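Visitor: Before anything else, here's the structure in question.
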Ligand SMILES: NC(=O)c1ccc[n+]([C@@H]2O[C@H](COP(=O)([O-])OP(=O)(O)OC[C@H]3O[C@@H](n4cnc5c(N)ncnc54)[C@H](O)[C@@H]3O)[C@@H](O)[C@H]2O)c1
């Protein structure tokens, strides 16, 4: 079959896979190929056991795979054949050298740019899907055009705003799609070509365009603002616990102000995920590079509050469980960084598990979708840890339950049954404020929510 366009995506991860599957699904007239250096990942994409869990993803992949959606390890061939190349390789925080722990590690990105240059035999539009420091497009252009071989490369920025857990919904019906380009004739033409692709299913008014630096910066700023909301309400949760105020009531009161809005105001043990921390640190590093120390410090505060919130959670557990966790059994209820994903990258559960193990607590980890990742994350942890799919078995014989992920299924658990099986006094630390605290208290639990008065059966001092 003759396809209208040939699209390639380099990087078959949490972003590349779902994004391209939706493009292929919505646009059967295009051939969409996704390539990766990791052959196991590609084999999984070609199987019934996809490498990532996202509601609705399996169906979308099943409909398009083999028709106009292909997963492959043949990167060079893919580059030669396509007119538009999305790049969605990972850009983690650097762990070595200058900027370690702050700057984005651009080695995968740089290698990809070189590979594109080497194997291109015709003009290409290159689309930045990965989240990158501002002005990466310029670096990419410099790598791509060093040969002066007559091939034209137009680099566009098209950051991805999907949220894991709702990726398919977000991709099918996004709040907006942002496309940044150089404002030259050929840059604007390339931008229009990408607009045309999205316009197959997204209303034009939601496809916004900008200059390329605004687009690159907008992604970092979007994540910084979202994370800032979480850190703001989490900082308030600490004051609530000291004063008797209830963070849910405060959040409702401020969220009903239409200038503030009510989204992203749930206090919790802290944010996780591969992006928020990494992207804020990336922004902070960028600010320092431009000598904007006050701006850097302001955004760094968002990450600091998040670290503080996680540490506070552990210290609260330690203090309330009579200042020792040694030999006590704790059930970690949920390990994914949020509900409806199996992703555990930067999950607060990793930090909490490690800190509890340092206190010599014995841990039982349970999660409906993230146990495989949890086992990898806790490989080498210094302490006694086991993994159990069934939450009832996981809580059996435990002194405490720490809720780490807001899985819906946890709200419906039979806590009466769980209480009966636990060591007494039994504690629940609800790191997501998802449970019915009064009900748990009446069952017999000592209940410690975030940002609300604790409910305990101990006599007041
Ligand atoms: N995960 C999210 O929710 C999310 C959301 C928006 C943006 N982003 C950004 O998108 C980018 C990708 O994130 P992700 O979560 O999909 O990462 P990921 O680690 O899941 O996937 C990246 C993939 O790229 C592959 N890869 C690396 N170098 C390669 C190369 N030279 N050639 C071919 N493949 C290569 C890796 O093997 C991996 O499978 C990052 O920049 C991230 O910040 C992520």
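Visitor: Can you confirm whether residue 179 is assigned by TED's automatic domain parsing to the domain that holds residue 26 and over 26 Å from the mean Cα position of the chain (by Cα)? Show your work before the answer.
Guide: Numbers: assigned by TED's automatic domain parsing to the domain that holds residue 26: yes; over 26 Å from the mean Cα position of the chain (by Cα): no.
It is false that residue 179 is assigned by TED's automatic domain parsing to the domain that holds residue 26 and over 26 Å from the mean Cα position of the chain (by Cα).
Visitor: Of everything in region 93-111, what is within 9 Å of the ligand (Cβ to nearest atom) and over 30 Å from residue 31 (Cβ atoms)? Give them in sequence order.
Guide: 104
Visitor: Scanning for something within 26 Å of residue 407 (Cα to Cα) and surrounded by fewer than 19 Cβ atoms within 10 Å (Cβ to Cβ), does region 279-299 turn up at least one residue?
Guide: Scanning region 279-299, I find no residue that is within 26 Å of residue 407 (Cα to Cα) and surrounded by fewer than 19 Cβ atoms within 10 Å (Cβ to Cβ), so the answer is no.
Visitor: Checking residue 77 against (1) touching a strand residue (DSSP E or B) at 6+ places or on another chain (Cβ under 7 Å); (2) farther than 22 Å from residue 159 by Cα, which single condition isn't satisfied?
Guide: The failed condition is (1).
Visitor: Right, another one. Of everything in region 395-413, what is under 24 Å from the mean Cα position of the chain (by Cα) and under 11 Å from residue 434 (Cβ atoms)? Give them in sequence order.
Guide: Listed by number, the residues that qualify are 403, 404, 405, 406, 407, 408, 409, 410, 411.
Visitor: Which of the residues belonging to region 141-192 are assigned to a loop (DSSP other than H, G, I, E, B) and within 15 Å of the ligand (Cβ to nearest atom)?
Guide: 158, 159, 160, 161, 162, 163, 164, 165, 166, 174, 175, 176
Every residue, every condition in (1) within 16 Å of the ligand (Cβ to nearest atom); (2) in a loop (DSSP other than H, G, I, E, B); (3) in the same structural domain as residue 230 (by TED's automatic domain parsing); (4) in contact (Cβ under 8 Å) with a residue 24 or more places away in the chain, yes or no:
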residue: 248; (1), (2), (3), (4): no, no, yes, yes
residue: 265; (1), (2), (3), (4): no, yes, yes, yes
residue: 286; (1), (2), (3), (4): yes, no, yes, yes
residue: 305; (1), (2), (3), (4): no, no, yes, yes
residue: 316; (1), (2), (3), (4): no, no, yes, yes
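Visitor: Which fully enclosed helices (runs of 4 or more DSSP H) of region 339-404 have 3 or more residues being crowded, with 21+ Cβ neighbours inside 10 Å, away from the ligand (no atom under 16 Å from the Cβ) and at pLDDT below 95?
Guide: Working: elements: 348-358, 371-377, 391-395.
Per the criteria, no element qualifies.
Visitor: Can residue 114 be described as in the same structural domain as residue 39 (by TED's automatic domain parsing), part of a helix (DSSP H, G or I), without any contact (Cβ under 8 Å) to a residue 60 or more places away in the chain and within 11 Å of the ligand (Cβ to nearest atom)?
Guide: Spelling it out, residue 114 is indeed in the same structural domain as residue 39 (by TED's automatic domain parsing), part of a helix (DSSP H, G or I), without any contact (Cβ under 8 Å) to a residue 60 or more places away in the chain and within 11 Å of the ligand (Cβ to nearest atom).
Visitor: Could you tell me which numbered condition residue 137 fails, if it satisfies all but one of (1) within 26 Å of residue 290 (Cα to Cα); (2) within 9 Å of the ligand (Cβ to nearest atom); (3) touching a residue at least 12 places away in the same chain (Cβ under 8 Å)?
Guide: Only one criterion is unmet by residue 137, namely (2).
Visitor: It is to be established whether one or more residues within region 64-86 are at positive phi, touching a residue at least 24 places away in the same chain (Cβ under 8 Å), away from the ligand (no atom under 11 Å from the Cβ) and loosely packed, with under 15 Cβ neighbours inside 10 Å.
Guide: no
Visitor: Only residues that are over 25 Å from the mean Cα position of the chain (by Cα) and farther than 17 Å from residue 135 by Cβ: list them for region 280-301, please.
Guide: Matches in region 280-301: 293, 294.
Visitor: If you scan region 2-45, which residues turn out to be away from the ligand (no atom under 11 Å from the Cβ) and without any contact (Cβ under 8 Å) to a residue 12 or more places away in the chain?
Guide: 2, 43
Visitor: Within region 405-455, restricting attention to residues that are touching a residue at least 40 places away in the same chain (Cβ under 8 Å), in contact with a strand residue (DSSP E or B) (Cβ under 8 Å, 6 or more places away or on another chain) and within 18 Å of residue 241 (Cβ to Cβ), which residue is surrounded by the fewest Cβ atoms within 10 Å (Cβ to Cβ)?
Guide: Residue satisfying both the conditions and the ranking: 454.
Visitor: So, of the residues in region 117-131 that are crowded, with 17+ Cβ neighbours inside 10 Å and not in a strand (DSSP E or B), which turns out to be farthest from the ligand (Cβ to nearest atom)?
Guide: 120
Visitor: OK, next. Just checking, how many residues over region 59-111 are assigned to a loop (DSSP other than H, G, I, E, B) and more than 23 Å from the chain's Cα centre (by Cα)? Break it down stepwise before answering.
Guide: Initial filter on region 59-111 (assigned to a loop (DSSP other than H, G, I, E, B)): 66-68, 73-74, 82-83, 88-92, 94-103, 105-106.
From what is left, the residues that are more than 23 Å from the chain's Cα centre (by Cα) are 66-68, 73-74, 82-83, 97-98.
The total comes to 9.
Visitor: Consider region 262-278. How many of its residues are farther than 24 Å from residue 311 by Cα and crowded, with 23+ Cβ neighbours inside 10 Å?
Guide: Residues meeting the conditions: 0.
Visitor: Filter region 46-60 down to the residues that are in contact (Cβ under 8 Å) with a residue 40 or more places away in the chain and surrounded by 15 or more Cβ atoms within 10 Å (Cβ to Cβ), then identify the one that is nearest to the ligand (Cβ to nearest atom).
Guide: Residues of region 46-60 that are in contact (Cβ under 8 Å) with a residue 40 or more places away in the chain, as a first pass: 52-57, 60.
In the following step, the residues that additionally are surrounded by 15 or more Cβ atoms within 10 Å (Cβ to Cβ) were identified as 52-54, 56-57, 60.
Working: 52: 7, 53: 13, 54: 10, 56: 15, 57: 13, 60: 16 Å.
Per the stated criteria, the residue is 52.
The values are calculated or read from the model by the stated rules, or taken from the named source; none is laboratory data. The structure displayed is predicted, hence computed values, not measured ones. Methodologically, a virtual Cβ is constructed for each residue, glycine included, from the backbone with ideal geometry; neighbour enumeration extends over all protein chains shown.
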